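Each value in this text was obtained by applying a stated rule to the coordinates, not by laboratory testing. Computed from a predicted model, the values in this text were never measured in an experiment. Cβ atoms come from the backbone with ideal geometry, glycine included; neighbour counts cover every protein chain shown.
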Amino acid sequence: MRNQYLTSLCVALFTATYSLGQYAYNSSLFYQTPSLFNVATTAGGFEDYSFCTVFKLQNPTVGDAPMRTNALVADFKLSDGTSNNHFGLGLNVINEQTGNSKLMATEVDIPINYSIQFNQFSRLTVGAAPGMILQSFDPTLPKWETNWNGFGFGGNVGDPIYINDNLSNSSYSAFNVNTGIQYQYQMRNKTKYFGGLAVNHINKPKMSFTETSDRMNMQIVVNAGVDLTTRRKDLRIQPQLMAFKNGPNSNVVMGVMFENILETGSDITNILKSKSINYGLFYRWNDAASLNFNYKFKYFRLGMAVDITVSRLSAANKGLGSAELFFKSALLYGKKKTKLK
């Protein structure tokens, strides 16, 4: 029983330190909200604007205050006056909270990019996102029987945790800058290849919980994928990969989604009215296997992802790493007559 408690405690501390301390947001729905990881993907789809909300509960079986995440991603495509090139403008908001002390991190970014259409097949997008990172905790919530004063335990039973005395701030905010680039190539049969590179927290925002402070590590993200047209008109195959390097830590998420098209739109822009079911499996290296499912109807898509832990952490979280839900809308400014390239 004691070993199980210690394991659970280690999982909670590791999750809070890694995810909130260095703010390395992780999601098994990365393919639905790619601009959270690479700002060059903002407004990169066929739709003119879209909105996506995500809710995630991480390690729900560990402790009484598991990490929960809420995210909002909004993308807008703006013409530059030419027939092919366009600007992308967005709003990315991520809020995470965990632990009995309500340790919370919020990141708000405004991605801006420019997409250059070289020809009817290839496109290059470059972008940046200024923003803010805010972190806070409530030092009055956790309680210890006594406080350690350096020589022994002192203070009254029920005094606030020693963090009250040793940390100078219970909240702080820092300016943040993310950058990214992505290349996309679409063949005549509508098979699409894409790949990108992003450098997030490029200015290494200062973490000011203590007087000495510390700085966040830069995060490098590599994303790549294919949207394959098959001989069957009602089936598409979509292998994808996203690799992260966050200071001394690194990770890779890779897998494949299958799209069964139930009802096809026309070749003009109302193709967004099609219906489809998507399902697939992703693997996060040395961590978890993620089962994904979503359903698209007209301009809307909703779905979920469930992470099944395959590492030693499964002893603490009983195999349930996380559960995510999302709702997304993809819309057009108005009717268009041009064919989808």
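Each Lys or Arg adds one and each Asp or Glu subtracts one; over the other residues with Cβ under 14 Å from the Cβ of Val306, this totals 0.
How much net charge surrounds Asp234 when only other residues with a Cβ under 12 Å from its Cβ are counted (Lys, Arg +1; Asp, Glu -1)? For residues surrounding Asp234, the net value is +3. Amide H contacts of Met257: Gln238, Gln240, each under 5 Å away and 5 or more positions distant or on a separate chain (H built 1.01 Å from N in the peptide plane; Pro and chain starts excluded).
Calculate, for Asn189 and Asn249, the FRET efficiency according to 1/(1 + (r/R0)^6) with r their C-beta to C-beta distance and R0 45 Å; round to the nearest 0.05. FRET efficiency, Asn189 to Asn249: 0.70. The slack in the chain from Leu72 to Tyr279, taken as 0.36 nm per residue of separation less the alpha-carbon distance, amounts to 72.3 nm. Here the gap between Ala65 and Leu332, fully extended at 0.36 nm per residue and compared with their Cα-Cα distance, gives a gain of 92.1 nm.
Rounded to the nearest whole Hz, the Karplus-based 3J(HN,Hα) values (6.51 cos²θ - 1.76 cosθ + 1.60, θ = phi - 60°) of the range 50-55 follow the sequence 8, 9, 9, 10, 10, 10, with x at glycine and proline.
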